[in-house]
Each structure stands twice: as C-alpha cells, then as structure tokens.
Amino acid sequence: MSGVVYVSGSFKPESQASVNVLDHGLLYGDGVFEGIRAYGGRVFKLERHIDRLFQSAKALRLPLTQTQEELGEIVLETCRRNAIVDGYIRLVITRGRGDLGLDPRSCGTPEVIVIARPQIALYKESSVGVTVVTSSFRRPAPDTVSPSIKSLNYINNVLARIEANDRGADEALLLDANGFVAEASADNVFIVTDKGLATPPTATNLSGITRETVIELAGELGVACQERVFNLFEVWTARELFICGTGAEVVPVVSVDGRTIGHGAIGPVTRQIVQAYARTVRATGTPIGVTVGQ
Ligand code: PXG
C-alpha cells in the first residue's frame, strides 16, 4: 500500500508529496518534529506529543497556525487514511518557504507534514539487548541550543550514530558538556543500581515521553527512581542499563564501551519495565476511529 501524506494543507499520495526547495526546514533545519506511535488503533500519548511540539515551536519562535486540537485531528486523519492500526507517525513543522538567508522573517506560513507508516525499523537486537559505545560528540550545552527542543537539527545525533556504526555498536551514548551521561542518539537512558533506577535530569537531554512513562511505571511497580546526574563509571558498573524512546520502546543494553553490563542479558528490573511498558501502550491512547464516507 502506497502511503498518503499530509502536506501544504491537503492529503497527497506519497509520490507526489513534496516541500519547496526554499523551505527553511530544508535550508536551515529550521523546524520541529515529533515521532509518535500507534498501538492497536490508538495513538499513544498524542496530547503530550503535541504539547511538546508546541513547546519546541515556542522556543524557536515558530508561530503555528493550527491549534493543538486541529493538529491532533490532522494526525488522526492521516492515520485513518493510511489504515494505521499499529504504526509510526512523523509530525513535522517547518518554518516554511522563504528566501535564501536564514532570517525567518522571509518565511510565509509554517509547513505542516504528517507521515504515517504501518511499521517502524527497530534495533536488530532490541529484544535480547543492544551494544553501546560512548560517543566523542557531546550533547549541546543547555546554554547553546537546548536539547529540550526537538528541532530538525539532528546532526549532533547523526554524527554520534555514524560513529557507533563505525565502531560496530548498535547505539551511541552521548555525554553532556560537563562529561556526565546525557542520552543516546534517539533515546533516553536509565541505569539500575542497588538503589533502583536513575536517569539524568532533562537539562541536558530531550524530555522523553517514554522516559516520563517509565518513571510513572516504576512508581506503580514500587521501584525507586531518581533523576540525578551520573558518570560513565556508574554506567559501566550498573547492574542493568536500558535506553528508551518512542521508536525503540524499552531496550536493554548489554555492553557499553566493551564492558559487559550485569550478566550480559536483560536483567529483572528491565524486564519488568519492558513488560509494563508493552501493557501500557496497548491499554491507553487516543482512538484513531474510522473515516466516515471513504
Ligand atoms: N532523546 C532524543 C535525542 C530523541 O530524539 C528521545 C530521547 C526519546 O524521546 P521520546 O519522547 O520518543 O520518548 C528521542 C526521540 C526517529 C525517531 O524516527 C526519533 C525519536 C523518537 C521516535 C522516532 O528518528 N527520538
């Protein structure tokens, strides 16, 4: 089935869906996005994703012409037109078409793009555990481009991922400007110690919606969870380690920088979180519903 994409205010077959070459999203990475998932005919945490998109847009002073409700409805309609039951949704807003030159005052209306796919590419080893190396690239310091902004500038993350590929690892771990652990290239990170879970505070990483969900689930499971800084020593010596994000879900990490984590297999706490997450994503969410009169 060839997909239908929402772009420039209407739905188009994917082969005809395009943006203008003078769009500042393309020329300057000037825009924001969300990666969202649907499970069993429901979009998981749709409102929270749209809320975060508006926060990112506000930080970039990108004025959106739709309300949160209107954007949510466009997302749901894109799912309906692509018959999504389980799938991946990419919502992108660019600064829109402008002149050459990065001054956003030349841009007209922001461009809204929604792509929905019935599946998502995952890590090859996501169920047994992935290998990670620490990247030589650092996450940007909070006083440069805030890592809380989910912008179209992912070069820092792409370079880290290329480095991980070169070094034969599945994923890269990035440190913050001070050398503390920040996050992976498209996932947040948690360690399991004798005191329970720990994850870095969000000043140096994306406020992940999966991260928030994991913290909620840990509370429900009676597993302590601290938001605190930690360094590589704590990662290398953690009992368990996992990364989490909308695309990856919750994925155990079995090796970091050549050091085996725990017993080199998924640990008991991670297993509990993986199972609780799998239940939650299928038990909640905004119903996609059916299109009338198609
Ligand atoms: N950190 C970074 C840098 C991310 O890009 C996360 C953490 C996890 O956030 P969520 O809210 O998803 O738990 C991300 C998420 C993609 C894709 O297609 C990327 C993400 C999510 C979904 C798809 O590249 N990044």
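Summary of computed values
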| item | result |
| --- | --- |
| Count of region 12-34 residues which are in a strand (DSSP E or B) and over 20 Å from the mean Cα position of the chain (by Cα) | 3 |
| Residue in region 172-183 that is buried (at least 22 other Cβ atoms within 10 Å of the Cβ), touching a residue at least 24 places away in the same chain (Cβ under 8 Å) and closer than 27 Å to V43 by Cβ present | yes |
| Criterion (at pLDDT 95 or above, outside the structural domain of N153 (by TED's automatic domain parsing), of a type in the set (D, E, K, R) and in a strand (DSSP E or B)) met by exactly one of R37, R80, R48, R61 | R37 |
| Per-region count, region 188-215, residues within 17 Å of V251 (Cα to Cα) and assigned to a helix (DSSP H, G or I) | 7 |
| Region 47-84 - residue that is within 16 Å of the ligand (Cβ to nearest atom) and of a type in the set (K, R) and, of those, nearest to N205 (Cα to Cα) | R52 |
| Within region 190-201, tally of residues that are in contact with a helix residue (DSSP H, G or I) (Cβ under 8 Å, 6 or more places away or on another chain) and on the phi < 0 side of the Ramachandran plot | 7 |
| Residue ID - nearest to I50 (Cα to Cα), chosen from residues in region 176-235 that are within 16 Å of the ligand (Cβ to nearest atom) and either among the aromatic types (F, W, Y) or outside the structural domain of E249 (by TED's automatic domain parsing) (or both) | F190 |
| From S8, S2, residue being touching a strand residue (DSSP E or B) at 6+ places or on another chain (Cβ under 7 Å), modelled with pLDDT under 95 and over 18 Å from V281 (Cα atoms) | S2 |
| Some residue of region 103-119 being among the aliphatic types (A, V, I, L, M) and either assigned to a loop (DSSP other than H, G, I, E, B) or free of Cβ contacts under 8 Å to residues at least 40 places away in the same chain (or both) | no |
| Residue, nearest to the ligand (Cβ to nearest atom), within region 150-166, restricted to residues that are touching a residue at least 60 places away in the same chain (Cβ under 8 Å) and either surrounded by 18 or more Cβ atoms within 10 Å (Cβ to Cβ) or assigned by TED's automatic domain parsing to the domain that holds G31 (or both) | K150 |
| Test: T131 is touching a residue at least 12 places away in the same chain (Cβ under 8 Å), in contact with a Ser or Thr (Cβ under 7 Å, 6 or more places away or on another chain) and surrounded by fewer than 15 Cβ atoms within 10 Å (Cβ to Cβ) | no |
| Flag for G29 being surrounded by fewer than 16 Cβ atoms within 10 Å (Cβ to Cβ), small (G, A, S) and away from the ligand (no atom under 16 Å from the Cβ) | no |
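This table checks each residue for (1) without any contact (Cβ under 8 Å) to a residue 40 or more places away in the chain; (2) away from the ligand (no atom under 16 Å from the Cβ); (3) of a type in the set (K, R); (4) in contact with a strand residue (DSSP E or B) (Cβ under 6 Å, 6 or more places away or on another chain).
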site: A238; (1), (2), (3), (4): no, yes, no, yes
site: A248; (1), (2), (3), (4): no, no, no, no
site: H263; (1), (2), (3), (4): yes, yes, no, no
site: P268; (1), (2), (3), (4): yes, yes, no, no
site: A276; (1), (2), (3), (4): no, no, no, no
site: R279; (1), (2), (3), (4): yes, yes, yes, no
site: P287; (1), (2), (3), (4): no, yes, no, yes
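The values are calculated or read from the model by the stated rules, or taken from the named source; none is laboratory data. Everything numeric here is computed off the predicted structure, so don't read it as measured data. Positions of Cβ are generated from backbone atoms using ideal geometry, with glycine treated the same way; all protein chains shown enter the neighbour counts.
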